[in-house]
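The values are calculated or read from the model by the stated rules, or taken from the named source; none is laboratory data. What you see is a predicted model, and the numbers here were worked out from it, not measured in a lab. Note that we place each Cβ from the backbone using ideal geometry, even for glycine, and neighbour counts take in every protein chain shown.
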C-alpha cells in the first residue's frame with residue numbers, strides 16, 4: 001500500500017489510507033489510521049486525488065507535532081499537582097483506618113471498580129491482570145484489606161488520570177507513561193517555573209517599548225527572576241500560598257515586599273494579556289500576587305519602623321568622620337544635605353550653572369527629577385555660601401560634587417551613596433539613619449520653626465496636595481523662602 005490507496009471488500013470506490021504516527025495519535029483524537037473516500041472508481045483519478053488528502057493529513061500531523069514541541073514539558077506540572085492531591089488523600093484515608101475513624105469500610109468490589117474505571121478492565125492482558133488483582137484485594141478482610149483497597153483504588157485512579165491527561169494534553173505513549181510515573185511518585189518531579197527566561201525577555205521588551213525607565217524595568221524583571229529561582233529550587237507551583245511563602249523568606253521591609261507584589265501583578269497582567277501559553281495554563285487561576293497582608297512573619301528587622309532624623313551633632317559627627325577619611329566630597333555632600341533636605345541624586349547633579357541669583361539672592365535651581373514639584377528654586381543658606389564658592393571654583397567637570405563613577409542608569413550618586421552607607425555604619429548609626437534622613441530632618445526643622453506647611457513642601461520639592469496651590473499658585477517669594485531657610489540650625493564648619 002505504498003501509494004496509500006485501498007478498496008474495501010465489495011466496493012469499487014478507492015480510499016486514501018494513512019497510519020497515524022504513534023507520537024501524535026492522542027493529539028489527533030486517538031486515531032491510529034486515517035481513511036477517506038476519494039469518490040471515484042478509477043485508479044488514475046484516485047492517484048491524483050489522494051495527493052490533496054495526504055497533504056492535508058500531513059499538515060495536521062506536522063501541526064500536532066509543532067504544538068507538542070511548543071508545549072514542551074508544561075503538562076508535567078498539572079499532573080504533579082493532581083498527584084500530590086492523590087498522595088495526600090491516600091495518607092489521610094490510611095490514617096483514618098488506622099485510628100478507626102473511617103466513615104465506613106473502604107471495600108471495592110470488582111464490578112464497582114469496573115464501573116468507575118471503564119476501559120481499564122477490558123480483555124487485554126493488562127485488563128485481565130487488573131481484574132485478577134481486584135478479586136484478590138476484594139477477598140482481603142480487616143484493616144489489611146481496607147488499606148489494600150485504598151492502595152488499589154489509588155493505583156486505578158492514577159492509571160485513569162494518566163489516560164485523561166494523555167487525551168486532554170495530546171501526550172504521546174511515552175509521555176503518558178511518564179505521567180503515570182509522576183502520578184505514582186509526585187515527589188520525584190519538581191515543577192519548572194512558568195516564569196521562563198523567554199517570558200522575562202518578552203516582558204522586558206514590552207515594558208521598554210512602552211517607555212519604562214530602565215532601572216524600574218530592571219528591578220521588576222529582577223524580582224520575577226528571583227521568584228522563578230525560588231519556584232525551581234523549592235519545586236513549587238505558582239499560586240497564592242507559594243507567593244506568601246516566598247515573601248516570608250525575604251528579609252525586606254513591608255514597603256519593599258509591596259514592591260515585589262506590584263512587580264508580580266505587573267508581570268501577571270502582561271502575561272495574561274499577551275502570552276497565549278500563559279492564558280491557557282492559568283485560564284482559571286486568580287492573580288496570586290493580590291490579597292496579601294504585609295508584613296506577616298517576614299520582613300526586615302526594621303520593618304515598619306520610621307527613619308530617624310539627624311540632629312546638628314549627628315551631622316557634624318558624620319561630616320567630621322568623612323574628613324577623617326580624607327573624603328572631602330562626601331563631607332560636602334553631608335553639608336549640602338543638612339542645609340537643603342534635597343535628594344542625594346539632586347545634590348550630585350548640582351552644577352555651577354545650578355547656582356543662580358534671583359531677586360538679589362543666590363539660589364539653587366533644582367531641575368525636575370522625581371515629580372513636577374521637584375523642579376524648584378531654593379535660596380542657599382548663608383552658612384553654606386562659602387562651601388558653594390569653594391566647590392564652584394574647584395570643579396573640573398562643571399558639577400559641584402565630584403563623583404568617581406556612574407551606575408548603568410547614569411546616576412551620579414551611586415558610588416558616593418554606597419560610601420555614605422559605609423561611613424554611617426562605621427560611625428555607629430543604625431540602618432534607620434540613611435542619607436534620605438536629612439530630608440526628614442529639614443522638613444521637621446521647618447515645621448518646628450513654624451514655617452507654613454505649603455512653604456516647607458515647596459522648599460523640599462513635595463506636592464502641596466491641593467489644586468489651588470499646585471495648579472494656580474506661583475509659590476512663595478524668594479524673600480519668604482530665604483527667611484524660612486535661615487531657620488535651619490547651623491552646624492560647625494571647620495573647613
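Tally the residues that are touching a residue at least 24 places away in the same chain (Cβ under 8 Å), in the same structural domain as residue 242 (by TED's automatic domain parsing) and under 16 Å from residue 225 (Cα atoms), restricting the search to segment 263-292. Residues in segment 263-292 being touching a residue at least 24 places away in the same chain (Cβ under 8 Å), in the same structural domain as residue 242 (by TED's automatic domain parsing) and under 16 Å from residue 225 (Cα atoms): 7 in total.
Look at residue 238 and say whether it is in contact with a helix residue (DSSP H, G or I) (Cβ under 7 Å, 6 or more places away or on another chain), assigned by TED's automatic domain parsing to the domain that holds residue 263, in a helix (DSSP H, G or I) and within 15 Å of residue 260 (Cα to Cα). It is false that residue 238 is in contact with a helix residue (DSSP H, G or I) (Cβ under 7 Å, 6 or more places away or on another chain), assigned by TED's automatic domain parsing to the domain that holds residue 263, in a helix (DSSP H, G or I) and within 15 Å of residue 260 (Cα to Cα).
Residues that are on the phi < 0 side of the Ramachandran plot, modelled with pLDDT of 80 or more and crowded, with 20+ Cβ neighbours inside 10 Å occur at least once in segment 194-202.
Residues that are in a loop (DSSP other than H, G, I, E, B) and either modelled with pLDDT under 80 or closer than 19 Å to residue 164 by Cα (or both) within segment 176-193 comprise 185, 189, 190, 191, 192, listed in sequence order. Being at pLDDT 85 or above, assigned to a loop (DSSP other than H, G, I, E, B) and within 28 Å of residue 325 (Cβ to Cβ) is not true of residue 386. Scanning segment 41-57 for residues that are in contact (Cβ under 8 Å) with a residue 24 or more places away in the chain and within 55 Å of the chain's Cα centre (by Cα) turns up 49, 50, 53, 54, 57. Of all residues in segment 425-437, those that are closer than 15 Å to residue 319 by Cβ and in a helix (DSSP H, G or I) total 2. Considered as a group, the residues in segment 274-311 that are under 30 Å from residue 421 (Cα atoms) and at pLDDT 90 or above include one that is farthest from the chain's Cα centre (by Cα), and that residue is 311.
Within segment 200-221, residues that are touching a residue at least 24 places away in the same chain (Cβ under 8 Å) sit with their Cβ atoms under 7 Å from residues that are outside any helix (DSSP H, G or I), at 6+ positions apart or across chains, in these pairs: 214/409; 215/409.
Note on segment 438-447: among residues that are closer than 18 Å to residue 313 by Cα and surrounded by fewer than 19 Cβ atoms within 10 Å (Cβ to Cβ), the one that is nearest to the chain's Cα centre (by Cα) is 440. When residue 98 is tested against (1) loosely packed, with under 13 Cβ neighbours inside 10 Å; (2) modelled with pLDDT of 75 or more, only condition (2) is not met.
Name the residue that is nearest to residue 169 (Cα to Cα), counting only residues in segment 5-24 that are free of Cβ contacts under 8 Å to residues at least 24 places away in the same chain and in a loop (DSSP other than H, G, I, E, B). Checked segment 5-24; the qualifying residue nearest to residue 169 (Cα to Cα) is 8.
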